[in-house]
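This report refers to the structure that appears directly beneath it.
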Amino acid sequence: MDQKLILAVICGAVAFVGAATVCYHIFQMTVIDARARGLRHPKFWGLFAMSGNNSNGLILYLIGRRNYPIQNMSRQDQEKIAKYKKCAGAGIIFLAAGFIGFLICMSI
C-alpha cells in the first residue's frame, strides 16, 4: 500500500477518536447539569445535546436550561464537570490534529 494512504487512515482514526471523545464528554456534562437542574430524563438531554450536525441539540439545551436554575450540585459533580471539560478540550485537539493531518496527506 501507499504510505500516504496509510498515514491518511491513521490521521482519520485520530480524528475519529477525538470526535468520539468530545461527544462522550458533552453527554456526561449535560447529564450532570440536567440532574443538578432537576430536569426530567437527564440521559435524554445528554443524547439530545450531542445530536445534530451543527450542534443544534446543544444550543437548544443551553437555551432551554435557562428557565431551570441549579438546585443541587455537589462539589464532586463540579469536579467531574471540570475534568470532563479538560478531556473534551483534549478531544478537540485530537480532532483538529487528525483532520489537519488527513487534509495534508490527501493534498500531497
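Computed from the coordinates by the stated procedures, all read-outs in this text should not be read as laboratory data. These numbers were taken from a predicted model, which means no experiment stands behind them. Cβ atoms come from the backbone with ideal geometry, glycine included; neighbour counts cover every protein chain shown.
Values as computed for the structure displayed
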item: For the stretch 77-94 and the stretch 11-46, distance of Cα centres in Å; result: 10
item: Cβ-based charge dipole, the stretch 1-107, positive-most Cα from Ala19, Ser55, Ala96; result: Ser55
item: 10 Å binning of all Cα-Cα separations within the stretch 11-55, expressed as whole percents from 0 upward; result: 30, 43, 21, 6, 0
item: Helix axis angle, 3-37 relative to the chain longest principal axis, alpha carbon, degrees; result: 0
item: Calculated [θ] (222 nm, deg cm²/dmol) that DSSP helices of n ≥ 4 give over the chain, each run adding -39,500 (n - 2.57); result: -27500 deg cm²/dmol
item: Cα-based Rg and Dmax for the chain, where Dmax is the largest Cα-Cα distance (Å); result: 17.2, 58
